[in-house]
Structure formats: structure tokens, C-alpha cells
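Okay, so here's the structure we're looking at.
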Amino acid sequence: MPNTLELKSTGHVLDHPEAVAWGPDNRAYAGGEAGQLYRFDLDDGELEEVARVPGGFLLGLAHDAMGNTYACNDRAPAIHRITPEGELSVYSSGNASQKMRVPNYPVFDDAGNLYVSDSGSWGARDGFIWKIGPGGVADIWDRQANGFTNGMCLSADGRHLYVVESSPPLISRIEIGPDGSAGSREILVELPRQVPDGVALDVDSNLYISLYNPNIIYRLTPEGILETLYDDWEQLMLVAPTNVAFGGKDMRTLIIASLCGSSVHTARMDVVGLRVRYPRMLL
């Protein structure tokens, strides 16, 4: 099957970017292996290093309405809050009974609750999801999606959290109850002998899945049809794609981190991406 996406490199050489995110300032963000937080414009390509978390490796990223970045650091496990000016603080590192182990990906809801996947150990089925209330109070929210809990995204109506479980490889969806508690878990698709990493939704509820291995971008339709959009079996551009995010001023650009390729790529899409939540935090 021919590739249906036309990928372009942003032209930046980054330090093994695991994550990409689209900020409320209409700029893209990515993390680095030495704790770097990068910010760049998709139009002019200008790149700046906003901050560097000492001893860190930044994984997933999320933003609030004030432009603060909430970054997962798996080397000194915590969620760091980074202001637009680059000031650092620890937002949460867990609670008194459980500290974070491998905080991997954060997702905000409209109320300012931050859901964070904690991957655990590969193959051990000991991952879970934190729920951090505004202000940083953290509790374990769900233990059902426990297969190296990885990338996540929230449905348009805020009633479901889509979750990548990298080992065993599958994508699940967890219901968010009216009281905010975790409801039932549903397996949407299994991906044997593959390693899914990141997910993003469009306005038509198609789910885009990036595979760390092999180098594939899938689209899963609401009807459960799995479509291959890009398969870079030769590793010419995508080398271990990890997180994906929609961005651009019209939200029609799919942004793809390529961890082992040290680059970020973009692809123009025929559908608008679902905008992520940027809650107004009272800190």
C-alpha cells in the first residue's frame, strides 16, 4: 500500500525528541534527552530552547491556558511546570504512599485535572494512570490500563480517555464517570508484534497511532477499521516515531516526533485535528 501522507522535516536537529505538543501560543513544543524543552514555529522554523531540566529526559508534554508546560521527566520522576520564560518547578512527584516511577504522558481535562500515565516496567503489567488535581495533589486513578501505560488523549466530549498500552501492544479506552472516577476499560485494537507509543484524535473521532516499532502511522476509524497512512520500512524519514499531535493555525498539520531520528516531521491532513484542552489554572 502506498503511503498517503507527505512527510516534511522541520529541519531541526533535536536531542532525541520523545514528545511533541501544540501550545496555546500557536507554536510547537518538543522535549530532549538532556531535559531540554524546545519551542518552534511551524511557519518560519525558528527554534529556541526554553529551558533545561537538570538530569532530566522529557517525555510527554501538556499546556495550560497561561502557556505553562507540564513535562514528564522519567529520570528524576516528576511532572515539571515550566513557564513560558523558562522558570522551573515540580508540579507533582506522586503522593505520600506512591511516588512516580515512569511518568510518561500528561493530558488535561477542562477542569484542570491532569491525567498522567505511569508506565512501570516493560512486560510487568504494573502501569497505571495518575489523576492530579489543580494545585498538584495526585492520586492513582486507574490500574486497568496497565500494559506499559504510554501515550493518551481525551475524547471530544471528555467522557473517555484513550490509552496506549505498549506491552502487550494495544489501544484501550477508559470511561470517565460523571463523578470523575475511572469506569470500564474497552480494548479498541490489538497490535501484535508492534510497539505503539502515541495517539491523537481528529474532529471526526479518527484515532492516529504512532508506532515506535515498526515505523508506522495508523489511523483507526470509529468503526474499528485500521488504515496504514505511512510505513517507513526503510527508515528514510521516520525512525522510531513516538508522540503525535495536531497543530498549525488551522489544526490540519500532524506533528510527529521521531525519537531515534532526532527530528520532528509534519504532514498536512485532510481533516482538522481535535484541539486539546488548555485549562485556566488557579495556582
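FYI, it's all coordinate maths here, none of it is from the lab. Predicted model, so just to flag it, every value in this text is computed and none were measured. All Cβ positions, glycine included, derive from the backbone under ideal geometry; neighbour counts span all protein chains shown.
Among the lysines, which have Cα under 24 Å from the Cα of Lys249 when same-chain residues fewer than 8 positions away are ignored?
Hits, sequence-local ones excluded: Lys8.
Using alpha-carbon pairs under 8 Å, 6+ residues apart, how would you state the relative contact order of the chain in percent?
On the way: 849 pairs, mean separation 48.4, N = 283.
That works out to 17 percent.
Would you list which lysines come within 17 Å of Lys99, measuring only between C-alpha atoms, while excluding same-chain residues fewer than 8 positions from it?
Lys131
About its Cα centre, how strong a charge dipole does segment 1-101 have in debye, to the nearest 20, once Lys and Arg get +1 and Asp and Glu get -1 at the Cβ?
Working: 8 positive and 15 negative charges, 123 e Å.
It comes to approximately 600 debye.
May I ask you to order 232-242, 217-227 by the average number of other C-beta atoms within 10 Å around their residues, highest value first?
Working: 232-242: 17.9, 217-227: 14.7.
Put in order of decreasing packing, that is 232-242, 217-227.
Candidates (i) 0.99; (ii) 0.93; (iii) 0.96; which is the computed Rg/Rh (Cα atoms, Kirkwood Rh)?
Given (i) 0.99; (ii) 0.93; (iii) 0.96, the calculated one carries the label (ii).
Just want to confirm a number: the relative contact order over segment 172-240, from Cα pairs under 8 angstrom separated by 6+ residues, in percent.
On the way: 110 pairs, mean separation 13.5, N = 69.
The normalised contact order for segment 172-240 reaches 20 percent.
In whole percent, what relative contact order does segment 60-126 give with Cα contacts below 8 Å and a gap of six or more residues? Don't jump to the answer; show the numbers that get you there.
Numbers: 120 pairs, mean separation 16.8, N = 67.
Once normalised by length, the contact order is 25 percent.
Projecting each Cα onto the charge dipole of segment 7-268 (Lys/Arg +1, Asp/Glu -1 at the beta carbon, about the Cα centre), which of Leu14, Ala96, Pro196 comes out farthest on the positive side?
Ala96
For Val53, what residues show an amide H to amide H distance below 5 Å, using hydrogens built from the backbone and excluding near sequence neighbours?
HN-HN under 5 Å from Val53: Gln36, Leu37.
May I ask for the net charge around Ala240, where only other residues with Cβ less than 13 Å from the Cβ of Ala240 are counted and Lys, Arg are +1 while Asp, Glu are -1?
On the way: positive: none; negative: Glu18, Glu33, Asp197, Asp232.
Here the charged neighbours net out to -4.
Return Val53, Val13, Val90 ranked ascending by Cβ neighbour count within 10 Å, so the fewest neighbours appear first. Intermediate results must be reported in sequence, preceding the final value.
Working: Val53 22, Val13 10, Val90 13.
By the 10 Å Cβ count, ascending, the order reads Val13, Val90, Val53.
Can you tell me the dipole magnitude for the chain around its Cα centre, using point charges on the Cβ only (Lys, Arg +1; Asp, Glu -1), in Debye to the nearest 20?
Working: 22 positive and 37 negative charges, 124 e Å.
Charge dipole, the chain, about its Cα centre: 600 debye, nearest 20.
When His16, His160 are ordered from fewest to most other Cβ atoms inside 10 Å of their Cβ, what list results?
Numbers: His16 20, His160 17.
If I rank by nearby Cβ atoms, fewest first, I get His160, His16.
Within 10 Å of each residue's Cβ, count the other Cβ atoms and sort Thr10, Thr228, Thr69, Thr149 from fewest upward.
Details: Thr10 19, Thr228 14, Thr69 24, Thr149 30.
If I rank by nearby Cβ atoms, fewest first, I get Thr228, Thr10, Thr69, Thr149.
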